[in-house]
Amino acid sequence: MAEFQWWLLLLGLVVGGGIVAVVYLDGARREQDIEDAELPAEATWISERLSERGHGVDAATVERVLLEHRSYRLEPPPDRLQPVVGPPRGSMEGPGGRSLDEVGG
């Protein structure tokens, strides 16, 4: 009877682990992956996208919102969420008298 090939077992485990790692790999960027130097470019990109959809927001405002969002994400989670009371969805009008839902907001 042939001798058991331990190296084949080890190779199979390594290859199997590599396949599992690739399958579960998440390539999405997270906030901690985005450097501070990239923030103005991200703000400009978002501003341009919003302008294309009829929501004119300047890049400086978007950058400030992104910075505040980062600060918010560093805080501990709230004990309890308070409901936000605002206008019903679709009641605000966008360009041409269309609701923001129709415009893409």
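Of everything in segment 75-105 that is of a type in the set (S, T, N, Q) and surrounded by fewer than 12 Cβ atoms within 10 Å (Cβ to Cβ), the residue that is modelled with the lowest pLDDT is SER91. Residue count for segment 1-51 satisfying the condition of being closer than 30 Å to ARG70 by Cα and either surrounded by fewer than 10 Cβ atoms within 10 Å (Cβ to Cβ) or small (Gly, Ala, Ser) (or both): 19.
The values are calculated or read from the model by the stated rules, or taken from the named source; none is laboratory data. As the structure is a computational prediction, the values presented were derived from the model and not from experiment. Methodologically, a virtual Cβ is constructed for each residue, glycine included, from the backbone with ideal geometry; neighbour enumeration extends over all protein chains shown.
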